[in-house]
1. Any chance the range B:483-494 includes a residue that's touching a residue at least 60 places away in the same chain (Cβ under 8 Å) and assigned to a helix (DSSP H, G or I)?
2. I'd like the full set of residues that are of a type in the set (Phe, Trp, Tyr) and at the interface with chain A (Cβ under 7 Å from one of its Cβ atoms), limited to the range B:525-551.
3. Is it the case that some residue within the range A:371-392 is free of Cβ contacts under 8 Å to residues at least 60 places away in the same chain, out of contact with any Ser or Thr (no Cβ under 8 Å at 6 or more places or on another chain), within 30 Å of A:Glu187 (Cα to Cα) and polar (S, T, N, Q)?
4. Considering only residues of the range B:225-255 that are more than 11 Å from the chain's Cα centre (by Cα) and of a type in the set (Gly, Ala, Ser), which is farthest from B:Ile169 (Cα to Cα)?
5. When you go through B:Leu339, B:Leu362, B:Leu348 one by one, which is the residue that is at pLDDT below 95, within 10 Å of another protein chain (Cβ to nearest Cβ) and either surrounded by fewer than 20 Cβ atoms within 10 Å (Cβ to Cβ) or under 21 Å from the mean Cα position of the chain (by Cα) (or both)?
6. Is it the case that the range A:323-346 has a residue that's crowded, with 21+ Cβ neighbours inside 10 Å and assigned to a helix (DSSP H, G or I)?
7. Assess whether A:Phe358 counts as being buried (at least 19 other Cβ atoms within 10 Å of the Cβ) and away from chain B (no Cβ under 14 Å).
8. Scan the range A:363-398 for residues that are over 31 Å from the mean Cα position of the chain (by Cα) and either hydroxyl-bearing (Ser, Thr, Tyr) or at the interface with another protein chain (Cβ under 7 Å from one of its Cβ atoms) (or both) and jot them down.
Amino acid sequence: MITAQRSSSGSSHSPRSPSSQPYLSISVTDPVKLGNGVQAYISYRVITKTNFPEYQGPEKIVIRRYSDFVWLRDRLFEKYKGVFIPPLPEKSAVEKFRFSAEFIELRRQALDVFVNRIALHHELQQSEDLRTFLQADEETMERLRSQETGIFKKKPADLMQIFKEVQTKVSDVVLGKEKPVEESNPEYEKLKNYIFELENHLSEAQKHAYRLVKRHRELGQSLSDFGKAVKLLGACEGDALGKAFSDLGAKAETLSVRLQKEAHQLLMNFEEPLKDYVRAVQSIKATIAERANAFRHQCELAETIKLKEINLDKLMLTRSDKVGEAELEYRELKLESEEATRRFENIVRLMNEEMVRFQDQKTLDMGIAFHEFAKGQARLANNIADAWRSLLPKLEACSS
Amino acid sequence: MMGSENQGFEEAHIDASREEMESLVLDDPSNNSNGTKSFSHHRSAMSSLADSHHLLSRPMVAAPADSDPLLAPPSFRDFRNPNVAADNSSYIEPPSYADVIFSPFDENAVHEIDGVDSPGRSSDSSVSLSRSPSSSSDYIKITVSNPQKEQETSNSLVPGSNTYITYLITTRTNITGFNGSEFSVRRRFKDVVTLSDRLAESYRGFFIPPRPDKNLVESQVMQKQEFVEQRRVALEKYLRRLATHPVIRKSDELKVFLQVQGKLPLPTSTDVASRMLDGAVKLPKQLFGESVVVAPEEVVQPAKGGRDLLRLFKELRQSVTNDWVGSKPPVAEEDKEFLEKKGRMHDLEQQLSNASQQAESLVKAQQDMGETMGELGLTFIKLTKFENEEAIFNSQRVRAADMKNVATAAVKASRFYRELNAHTVKHLDTLHEYLGLMLSVHGAFSDRSSALLTVQTLISELSSLHSRAEKLEAASSKIFGGDKSRIRKIEELKETIRVTEDAKHVAIREYERIKENNRTELERLDRERHADFLNMLKGFVLNQAGYAEKIANVWAKVAEETSAYAREST
């Protein structure tokens, strides 16, 4: 749970009472498997503690499932274009069936982080949809969920397609293949390149991190097998040597357990943050796509307006009676165009702000992950050293 | 079995290097910044078991700087003194482990990771098991090197077709039975087979180290160079093992093999052709019941194919009788102690095989860990470079710096894992070695069984001869004055009985001798195995602990460097 601080900018709500700091703190807990077979899903308990005046009281508990979180993400994506919406854990159709404890815990953790990041964000935390998500009863949620037709409602395959298109478009522009309806902003180009390359690097890092988790498990397993074999050998030998073998085997088995534990820690505190980082970058890509759409829309309208202008002039010259109509259309279009421009510029502004926040946040997130990683490895190695060394006195005694 | 080469040698070597180590550690840490010179002469303390008493006599958490290189001296743990902590990267292994290729954006890291010169000693491919031979200061050191192609001389029908490889076998020794203290010969693999066969004949009942396989298939399939190198290593191991066997090292066969220039003057086979002829000639006579003079000494050797077909048949019949009839054979294996030991050996072999397999898996897992850790490190290094190059915000540079610390640590840890593994391999190799030795135990036990079988065969032969003689005597006594042909037959039979009696005595003597050999060898095996396994365990444990500490220090440093984030995390 991370306590959110309200920012003072852009806030049009009632003045805060000086006696208490505003907070919005959420926890996603208690995963419970419901339903059967293909229909099975996990439900989570979402507990909200807040003193925000818009909320119904200091504490509220609701039951939510993964698709509710998806709904929230989609709504935010629609409403807050330009903001990097916090990423959700993958919708894994396959793993769901197996529902391993580890998978459930990882998902729960990721959902908790997701919703708290929203609560921390000075714009997103004001969202009405957030309030709905945190407070509405389950029937309402279900109704809302089934109405959703946002971008993310599309199947994962479609989503991938959209991302790919964004990617191709960017690289096409970079490679000079396709000509505009793209911004010709060198700084922005750099940013886009950066994001795409970053994703590649991070994916690779995450892959290796995952492999490292596996290696820990494998080493643990082989130590366990080795320990057992050594114990059997000891039983064969008998007397002092046999005891020495036996002790060694037992130690190996102890360390095996320790390694499995560390593997789990590694997964939760190192690999998952890397995965989260990758997701965050993918979310930025989605925003990049939105910006491209907004830009294109703006350009199209600008084109249309030019045509309308020409047409209007023509009509005025010919003193046609269609002038009035045309003028009206023109004025409407002008408004639309201004609106589109506003929207686009808003996205640009937000993106710039978001990038700063993003970089800061990621430095912090990774710093923590690195720290935990290093601490974990050091602790593990020390445990291993201590365990083995503890055998030495007896081994010494054997040979004397 | 296997013994360490030169105990005295190695001890002197250690002391010298230890002094160097001490002086280095006490030196100003700035010395260590150039990693290449720090511990270059320090040889691998872990691979020599002769060291173990040095290592263990030192206190675990040592205050003095001359503490055990394996057990990290306190300065290792003191990461307020980063120079000392950081650079104890590798003072042990050859540079191949240090070949981490990445662009030197940080000289420090490069120096740390570049590693260190390999120590000057010659590579010791085999485990040095530290049992000294009977007298502690004598030694035989054998090296196999310099493979060369040679032509088979004129005898071949197809000119120039037959080539073979010879190896240079160099011996250094101070044992008096040899002519001189250093000498070399060239031998081919066939010669080794001959040596092995001759030893098997002369030293029945002993645990004779098994020779390298002929590898007929592999020699065709493998790259020639690889195969030759593999064989060279195997031959060296084999000869060294022979040289540490207390009895075999003094054998004439080995002496001849190591010293006599030119063609190896040992019979290449037990002259199968002539023996077959002998056997074939004798067979009809025997089949018709005529007596045959069998030289007692011939009895001593086990019946071999072609050698004495009839004897083979008889012994086979006897063993079948032993098995099926279940009647107690005339001389039973009544040594319960031996049977128990045999059972134990069988168990031991099984457990050794299992442990050996699991040891291999462990080694593989350690290797994988090291590899993946290294790959992770390299990926982060790439990321660091990327962020630095593309940095717009300061937070990116900070992140890049954090990442670099992690990356460097991961690469270092990766090298440690690989070094750890190299040593683990050497230690656990003891398991493989003893597993291989079980072959020679089998051989010795089967020497015993075949000797026993020979005795049993002769005894039942005798009893049937006696009963034939009795029958003949009974028959001829009924005829007054005797039956000339029968009397002659009885005389011949009696002669055969006498000869067979002699043979029986020889066979029993041989059997007893082999039994005694078995016994002393079993004792030796137990004794040496105990010592070797104990050393293996100690070495393994020290190795694991030592490297775990090094790895811990590497990560502790990063934890320290990122400790600011600890306060931030919830």
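1. Yes: the range B:483-494 contains one or more residues that are touching a residue at least 60 places away in the same chain (Cβ under 8 Å) and assigned to a helix (DSSP H, G or I).
2. Passing the criteria: only B:Phe533.
3. No, that holds for no residue.
4. Ranking the candidates gives B:Ser251 first.
5. Testing whether each residue is at pLDDT below 95, within 10 Å of another protein chain (Cβ to nearest Cβ) and either surrounded by fewer than 20 Cβ atoms within 10 Å (Cβ to Cβ) or under 21 Å from the mean Cα position of the chain (by Cα) (or both) leaves just B:Leu348.
6. yes
7. Considered against the rule, which asks whether it is buried (at least 19 other Cβ atoms within 10 Å of the Cβ) and away from chain B (no Cβ under 14 Å), A:Phe358 comes out as no.
8. A:Ala381, A:Asn382, A:Ile384, A:Ala385, A:Trp388, A:Arg389, A:Ser390, A:Leu391, A:Leu392, A:Leu395, A:Glu396, A:Cys398
The values are calculated or read from the model by the stated rules, or taken from the named source; none is laboratory data. These numbers were taken from a predicted model, which means no experiment stands behind them. Glycine gets a Cβ as well: all are built from the backbone with ideal geometry, and neighbour counts include every protein chain shown.
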